[in-house]
Structures are given as structure tokens and as C-alpha cells.
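Read the structure below first, then the notes.
The values are calculated or read from the model by the stated rules, or taken from the named source; none is laboratory data. No experiment lies behind these values; they were computed from the predicted model shown. Here the Cβ is made from the backbone with ideal geometry for all residues, glycine too, and neighbour counts use every protein chain on show. Accessible surface areas use protein heavy atoms only, side chains included; no ligands, DNA or RNA. Shrake-Rupley method; radii C 1.70, N 1.55, O 1.52, S 1.80 Å.
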Amino acid sequence: SSAPPLLQVENLEAGYGPINVLHRLSLTVNAGEIVTIIGANGAGKTTTLHCLSGIVKTRAGSVTFDGHDLTRVAAHNIVKLGLAQSPEGRKIFPRLTVRENLEMGAFTRTDPDGVRADIQKAYTMFPILEKRQAQAGGLLSGGEQQMLAIARALMSRPKLLLLDEPSLGLAPQIVVQIFDIVKELNKQGVSVLLVEQNARMALKVAHRGYVLETGRITCTDRADVLLHDPRIREAYLGE
Ligand code: ATP
């Protein structure tokens, strides 16, 4: 017998106004896993993450995280339960300093000493952020902003980290760095749900993957199996 999944999504439906975007979407993330959702532009990847973090309301189905039904929990309380999102486009607070951005990531916490200690931990993992700690977040490079977005999400001490397109707009060698960081975080015990258009990198770092096509999961398997599936290679890996 195995433990229940950390995250279990069943038959999720969500959308905007009259449009349903997600159709009976089901997926799981087990504790310790990196799971990726790959899919084309507009398939519904961001919408899925926004349902989990409580930004988009679910219309039907269930989202169970660590024993809690998230469809009944407000967004800030979802963060408190241990689920944090690093958003698409990073959404750094441009006029706040790097350090203040990290403090914002800890807004649900009430242990200032622990927060200070975790900022130091973030600086150990991302030395460039310590160097730039007094600079405005908006002055960082794209790669540095992505690191800040991940570090900020970690400030709530999540069990599950939602990463939306961390490679977007970054040079290839920076993308490699970011994915190395994701692997390292995972080794330290953080489970990850990764949404990516860069399917090749995502499938290389993930344990399992789901393919999302116009709001429906059409395929799921171990990441290495998907990576070698001719249909996936043709549709998502540019072959
Ligand atoms: P991308 O990588 O481009 O963000 P995605 O797979 O994350 O793609 P979503 O952003 O989830 O896709 O969008 C799914 C669908 O929902 C698209 O057709 C999009 O136009 C639509 N959509 C997204 N956000 C809104 C919104 N706020 N209002 C109306 N429609 C929206």
C-alpha cells in the first residue's frame, strides 16, 4: 500500500465567463515527485495552476492537497497549507528590493526569526540574490528575476511548488541553471508541479508528465517514456 498523493485533482472543470477551458482534468502529484504538464500555447496550463492556487474558481471536480479540499479554501490559506506558486512572467515587485520581494513571499508567516533564517537560506542557494539584495527587483536580469520568483515562492516553506513557465524568455544556459535549481529543490524535499512549453527540458527534469491539449489530458506516463514517444517528439519536441 502506498501513501495517498500529495495533490489529487479529479475531473476539474474551470473557465472564464461562458467558456469552459478545462474539461474533466485529473492528475496527481506524489510527495517527492516532479510532475510536468506540457502543452501548446492556450491549452490551459496556467488555468490549471491558477485553480490549484485559488486564483481561478473551480466549476466542478475536486482538488485535494495534503488532505484538504482546496476548492473551499481562500488563496492566502492555500499558501499556508503549503502550496506556493511561482507565476508565469515572474511578477516580481519591480520597485521593492530583492530582500523585500523575499519578505513578501513570507506574508502568511508570523515567525520573523524563521523568515530571516529562510532569507539567508535563499541567499545560500541563490548567491546572486544576496549580492543584489538592496537593489530594486525590476533591475534584475530575466534569469535573476526567475530565481527571485522561485526563492520568493519558497519563503512560505511549500510542500508543493507550482512553477509556471520558468524557462520563458531565458537564454539556454540560464534555462539549464534554473532546471538544476528545480532538481536541487526537489532533492531537498520539495515536490514540484512544472508547467512548460519547453517540453524537452521539462521532461528531462520531471519524473512523470501529462500532456494537455485544449483543456484535456490526452496522455500521461513516466517522463522518460514521453520523451521517447514518437507522437510527443513530433508534436512537442520539434522533430
Ligand atoms: P500560455 O502558455 O499561453 O499561458 P496556457 O496553456 O497556460 O497557455 P491558459 O493561459 O490557461 O493556457 O489559457 C487557456 C485558455 O483560456 C486560452 O484560450 C485563453 O485565451 C483563455 N484565457 C486565459 N485567461 C483568460 C481570462 N482571464 N479571461 C478569458 N479567457 C482566458
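Could you pull out the residue among Ile19, Ile38, Ile34, Ile55 that is of a type outside the set (Gly, Ala, Ser), touching a strand residue (DSSP E or B) at 6+ places or on another chain (Cβ under 7 Å) and within 16 Å of the ligand (Cβ to nearest atom)? So that I can check it myself, show each step before the final result.
Details: Ile19 fails: touching a strand residue (DSSP E or B) at 6+ places or on another chain (Cβ under 7 Å); Ile34 fails: within 16 Å of the ligand (Cβ to nearest atom); Ile55 fails: touching a strand residue (DSSP E or B) at 6+ places or on another chain (Cβ under 7 Å).
Testing whether each residue is of a type outside the set (Gly, Ala, Ser), touching a strand residue (DSSP E or B) at 6+ places or on another chain (Cβ under 7 Å) and within 16 Å of the ligand (Cβ to nearest atom) leaves just Ile38.
Within the stretch 84-125, track down each residue that is of a type in the set (D, E, K, R) and open to solvent by less than 30 Å² (accessible area, probe 1.4 Å).
Going residue by residue through the stretch 84-125, those that are of a type in the set (D, E, K, R) are 88, 90-91, 95, 99-100, 103, 109, 111, 113, 116, 118, 121.
Of everything in the stretch 84-125, those that are of a type in the set (D, E, K, R) and open to solvent by less than 30 Å² (accessible area, probe 1.4 Å) turn out to be Arg90, Asp118.
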Practice task
Can you confirm whether the stretch 220-227 contains a residue that is in contact with an Asp or Glu (Cβ under 8 Å, 6 or more places away or on another chain), more than 22 Å from His23 (Cβ to Cβ) and not β-branched (Val, Ile, Thr)?
Solution key: no
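Taking Thr47, is it within 16 Å of the ligand (Cβ to nearest atom) and over 24 Å from Gln188 (Cβ atoms)? Steps first, answer last, please.
Details: within 16 Å of the ligand (Cβ to nearest atom): yes; over 24 Å from Gln188 (Cβ atoms): yes.
For Thr47, the condition - within 16 Å of the ligand (Cβ to nearest atom) and over 24 Å from Gln188 (Cβ atoms) - is met.
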Handout entry: Residue check for Leu168: open to solvent by 10 Å² or more (accessible area, probe 1.4 Å) and either modelled with pLDDT of 95 or more or within 16 Å of the ligand (Cβ to nearest atom) (or both)
Key = yes
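Those residues that are away from the ligand (no atom under 15 Å from the Cβ) and touching a helix residue (DSSP H, G or I) at 6+ places or on another chain (Cβ under 9 Å), I need them from the stretch 189-198; list them, please. If you could, list the steps in order and put the result at the bottom.
Step one: of the stretch 189-198, the residues away from the ligand (no atom under 15 Å from the Cβ) are 189-192.
Listed by number, the residues that qualify are Val190, Val192.
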Exercise for the section: Just name the residue that is nearest to the ligand (Cβ to nearest atom) out of those in the stretch 199-224 that are open to solvent by 60 Å² or more (accessible area, probe 1.4 Å) and not charged (D, E, K, R). Expected result: Thr214
Fill in the blank from the handout: Only unsatisfied item for Ile19, checking (1) more than 19 Å from the chain's Cα centre (by Cα); (2) surrounded by 22 or more Cβ atoms within 10 Å (Cβ to Cβ), is (2)
Practice task
Output the number of residues of the stretch 1-16 satisfying the condition of being within 16 Å of the ligand (Cβ to nearest atom) and surrounded by fewer than 16 Cβ atoms within 10 Å (Cβ to Cβ).
Solution key: 1
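Within the stretch 22-38, how many residues turn out to be on the phi > 0 side of the Ramachandran plot and either assigned to a loop (DSSP other than H, G, I, E, B) or surrounded by 18 or more Cβ atoms within 10 Å (Cβ to Cβ) (or both)?
Pass one, the stretch 22-38, residues on the phi > 0 side of the Ramachandran plot: 24, 32.
Then drop every residue that is not either assigned to a loop (DSSP other than H, G, I, E, B) or surrounded by 18 or more Cβ atoms within 10 Å (Cβ to Cβ) (or both), which leaves 32.
Number of matching residues: 1.
Return yes when Ile150 is closer than 19 Å to Ala84 by Cα and open to solvent by less than 50 Å² (accessible area, probe 1.4 Å) and no when it is not. Can you show your working first?
Working: closer than 19 Å to Ala84 by Cα: yes; open to solvent by less than 50 Å² (accessible area, probe 1.4 Å): yes.
Criteria met by Ile150.
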Exercise for the section: Scan (1) modelled with pLDDT of 95 or more; (2) more than 30 Å from Ala223 (Cβ to Cβ) for the single condition Leu161 breaks and write down its number. Expected result: (2)
